[in-house]
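None of the figures in this text is laboratory data; all of them are computed from the coordinates on show. All values reported here derive from a predicted model rather than from experimental measurement. Cβ sites come from the backbone with ideal geometry, for glycine too, and all protein chains shown count toward neighbours.
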Amino acid sequence: MKKIKIVIVEDDSEIRKLTEEILSGVADMEVVKSFSNGDNFLKSLEHLNCDVVLMDINMPGKSGIECVAEAKPRNPNVQYLICTVFENPQYIFQALCSGATGYMIKNTTGDKLITAIREITLGGSPMSSQIARLVVNSFTAKPTGSIHAEQLTTREKEILDLLAQGLMYKEIATKKEISVETVRKHARNIYEKLQVTTKMEAINKVYPKSV
């Protein structure tokens, strides 16, 4: 029996080990490698022989979306299944546009994860039920997000995207190799342009809202 070869990219050690344990007990699956961040995954990519990559989004260094965008063209046959806590439609579309084939929430049961991995290798695009609902809702929502987003510079969009992922100013500064004060300045500019006073107001104004 040919096994589905799986790579896990997840910075949370407990989640990573739990996922390994769940999949190690499945007869037709094999975890060939695990990584705690996307940068190490990309460095090892050419030496990996796998069918499916379970990819987290928010990690130190490059995000999961950035990793998929860089890795997918290098080996189009590998399927990427995003496994994350984020249910923001903006991330879903970013992930799918970058080359991911499926999008699952981390609280998905082990059985559903196993089913999703099998489905993705058979040509399907598995999504958690709540993610599928968000995708449907986003098609019926008023397309105001892109209009507001056009008011921001590329750097401001990057900063707002990281804020939406839950990163603090200090973490954003480290990730983008800029000072914390520069991050604050960008945030002030974002709030002023969008005519809002809080981070959540800015996020809700730019990104499609979920119902």
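Remark: Cys50, Cys83, Cys67, Cys97 ranked as Cys97, Cys50, Cys83, Cys67, counting other beta-carbon atoms within 10 Å and listing the fewest first.
The phi torsions of region 36-45, fed into the Karplus equation with coefficients 6.51, -1.76 and 1.60 and a -60° offset, translate into couplings of 8, 7, x, 4, 5, 4, 5, 5, 9, 4 Hz, rounded to whole numbers, with Gly and Pro shown as x. Between Thr174 and Asn77, the C-beta separation translates, for a Förster distance of 25 Å, into a calculated FRET efficiency of about 0.15.
Cβ crowding within 10 Å, taken as a proxy for footprinting-reagent exposure, orders Ile105, Ile159, Ile92 from fewest neighbours to most as Ile105, Ile92, Ile159. Label-to-label distance for Glu46 and Lys193 is 3.8 nm, based on points extended 7 Å past Cα in the beta-carbon direction.
Rounded to the nearest 20, the Cβ-based charge dipole of the chain about its Cα centre (Lys and Arg +1, Asp and Glu -1) stands at 440 debye.
Classify region 55-111 from the C-alpha gyration tensor, please: rounded if a/c falls under 1.5, else prolate or oblate depending on whether a/b exceeds b/c. Cα axes put region 55-111 in the prolate bin.
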